[in-house]
Amino acid sequence: MGVQEILEKLKTRFEGVTFELVEGKVDPFIKVPAKNVAEVASFLKEEEALAFDSLMCLSGVDSPPNTMAVVYHLFSLKHRHKLVLKVETPRDHPSVPTVEQVWRTANWHEREAYDMFGIQFENHSDLRRILCPDDWEGYPLRKDYKTQEFYHGIRVEVAEPPDPLYQAKQKPKVEKAAKPATSAAPKAAKPGTTASPQAAKPDGKTE
């Protein structure tokens, strides 16, 4: 089923809820109001004609100065179709209802989005950091993130990413080795004959 057909089903099921189809991207997506995302997710999974039983990925997105977003990539193992949802939330207090009651895998996905972006997931059963220590300062994937100078008295050093252009300029050139000169091999004698050195004539010429 195509994304336009799915959108029509959502509009029919959730009258009064504003959905927006955004195309022209790698994957078209449907924008869903944050307050409705849990019930929309449940419908997408339980509706027989849709059966989105797999949450492939849930990602946080930082869009300063005012917005953060959560993006959901869904797939139906039964119908072999896919869908992308996007939910936006204010950046100064990012909060979205959890969908872990719909897809259990969302538990860890949402914890990672919380850990990296600081997005709160309402009614999550265990919303705590999953990659950073519990007392880490800040959210590393926010675009204004500043790494703390010390962590428990240990200096925190962040390696600068390598410059690909610099690396390309500094890459040593490898010259191909010259092929060794080879002398022509003597012609093989015809069957039934023997090879013999050419006799020299008195004038120095050979026969």
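Here, each number is a calculation from the coordinates, and none is a lab measurement. Everything quoted here is computed from the prediction, not taken from an experiment. Using ideal geometry, Cβ is built from the backbone for each residue, glycine included, and neighbour counts are taken over all protein chains shown.
Based on alpha-carbon atoms only, what is the radius of gyration of segment 1-119 relative to the globular estimate 2.2 N^0.38 Å?
With N residues counted in segment 1-119, Rg over 2.2 N^0.38 Å equals 1.01.
Taking a threshold of 27 Å on the Cα-Cα distance, which of the pairs 78/143; 86/143; 11/143; 45/143 fall above it?
From the list (78/143; 86/143; 11/143; 45/143), the Cα-Cα distance tops 27 Å for 78/143; 11/143; 45/143.
So how far, in whole Å, is the C-alpha centre of segment 98-161 from the one of segment 39-58?
26
What ranking do 154, 130, 30, 119 get, fewest neighbouring Cβ atoms within 10 angstrom at the top?
154, 130, 30, 119
Could you list 11, 143 so that the one with the fewest beta carbons within 10 Å of its beta carbon is first and the one with the most is last?
In order of increasing Cβ crowding within 10 Å: 143, 11.
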